[in-house]
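Everything on this sheet refers to the single structure shown next.
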Amino acid sequence: MRAIDKPGALFILATILSASPVATPAANPAPPQKKEYLTDAEADKIREAGATGPRIVLYTTFASDRIKKLQYEFAHLDPKDDKRTERFNILINGYTGCIDDAADSLDVGIEKQEDIRDGVKLLQAQIKGFLSYLQELAEKGPEKETYRDNLDDAIEATQDAVKDVDKAAKEMAPPPVRRKPS
């Protein structure tokens, strides 16, 4: 038997280690990260929706829910409630996340040439109302200094989404035309 010198042993060891399977991020991808602003039930609905069009509808619906909850919170202000500021910020951040994801889904739907008409229609119908409510809140909202930064982000995200939905309405692939049999 031949003795292996130290550099040769290191070479053999390096070769063996490089050939062995190692747990790398590419080999074991992380599970999809749960969106912090979605409830478990909402995240399940998004996952089950599959296609981009229904996802846009869901994100828009969830954003609408956040706006309604925010309106309720402001209509029923309790000065003794210490957690109200936290709830305001959570709802505004949740709204912003939903609108951002709806706008991102628009881009994905256009890129993949998916049918996103229903999502675009719903978003177009509701987003200007969202924007006007948020802008009104920025002007006249009670305790606005406690949620001003998040509200500014929400207004900016909504303005961007308005541009994205208008662009999507123009860039969507036309619906298929059915020919009458002759």
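Checked against a 27 Å cut-off, the cross-linked pairs 45/83; 128/180; 80/128; 45/69 give Cα-Cα distances beyond that limit for 45/83; 128/180; 80/128.
Cβ crowding within 10 Å, taken as a proxy for footprinting-reagent exposure, orders 105, 64, 132 from fewest neighbours to most as 132, 64, 105. Computed extension length for residue 87-residue 44: 13.2 nm, one decimal, from 0.36 nm per residue of separation with the Cα-Cα distance subtracted. Kirkwood radius and radius of gyration were both taken over the C-alpha atoms of region 40-169, and their ratio Rg/Rh is 1.01.
Values in this text are rule-based calculations from the coordinates and carry no lab data. Small disclaimer: the values here were computed from a predicted structure and weren't measured. When we count neighbours, we look across all protein chains shown, and the Cβ atoms used for this are built from the backbone with ideal geometry, even at glycine.
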